[in-house]
Structure formats: C-alpha cells, structure tokens
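The values are calculated or read from the model by the stated rules, or taken from the named source; none is laboratory data. Note that this is a predicted model, so its numbers are computed, not measured. We place every Cβ from the backbone using ideal geometry, glycine too, and count neighbours over all the protein chains shown. For the accessible areas, the whole protein counts, side chains as well, though only heavy atoms, and no ligand, DNA or RNA atoms are used. Shrake-Rupley method; radii C 1.70, N 1.55, O 1.52, S 1.80 Å.
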Amino acid sequence: MNDRELLELAAKAAGHEILQVREYEDGSGWWAVIRYDGSAMDFDPLGDDGDALRLAAHLQIDVWHRQGHVGAGHPHKGLIRSFEAESTDRAAATRRAIVRAAAELARAADAGGKEG
C-alpha cells in the first residue's frame, strides 16, 4: 500500500470526506484537504504530529515503543496492529504506525461490510 492509499484509508477510517489529495511539490509525500465541521482543512497525518495524534485519539489507537520499533493498534477491533522500525526519526515512525493502523481499521470495516 503506498502513502496516498494509506492517507485515503486513514481519512476514511476517521469519517473524513476528502475534497482533494495533493502531492508535496518535491514529490516526497501526500496530504489531503478534508471537510471538517463544514469547512476545508488540511489533513497530513504522515507528516504532521498533530494530525497523527488527533487521528489516534479519534480512533482510539494505542501507540507503544519497544526495542527500536513503534507499534500502533486498536485494542478491541480485532487487535489490528502495525509496526515500524524507529530508525533515526521516531516521530515519523510513530506517525506512520498510527496511519497504517487507521488504514487497517478502514480495510477491516470494508471487509466486514462486504461479508455482512
């Protein structure tokens, strides 16, 4: 799954309507414009600590750091988890783990909707 797909699924998991998806000018990543409380707002949980934290809080995603890795997951929805190596940028790894966990929540909801 590429970063654009992660972003779109994370927005979907949080119930955000995406108005636009944009690529950074340098081609290093993606961010979205979402509808939030009736107005447009930037949404960049892969690049912005605040957006990632709000996403984790909204979806009740737990985050933990262990032995050079960061994990994120939901304790009750099928124990969905994601893991990232911390490398040199612990904040970036944490944001990515949160977004991956959110994307997995959206995928699980889609799969559940198709089955039932």
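Look at the range 6-18: where a residue is polar (S, T, N, Q), no partner that is surrounded by fewer than 18 Cβ atoms within 10 Å (Cβ to Cβ) sits 6+ places away or on another chain with Cβ atoms under 9 Å. Here G47 qualifies as open to solvent by less than 90 Å² (accessible area, probe 1.4 Å) and assigned to a loop (DSSP other than H, G, I, E, B).
Residues in the range 17-35 that are crowded, with 19+ Cβ neighbours inside 10 Å and over 19 Å from A92 (Cα atoms): I34 only.
Checked against the criterion of being more than 10 Å from the chain's Cα centre (by Cα), surrounded by fewer than 21 Cβ atoms within 10 Å (Cβ to Cβ) and assigned to a helix (DSSP H, G or I), the candidates D110, D42 yield just one match: D110.
Within the range 54-76, the set of residues being among the hydrophobic types (A, V, I, L, M, F, W, C) and either in contact (Cβ under 8 Å) with a residue 12 or more places away in the chain or within 16 Å of A106 (Cα to Cα) (or both) comprises L55, A56, A57, L59, I61, V63, V70, A72. Note on the range 57-88: residues that are open to solvent by less than 70 Å² (accessible area, probe 1.4 Å), part of a loop (DSSP other than H, G, I, E, B) and on the phi < 0 side of the Ramachandran plot amount to 5.
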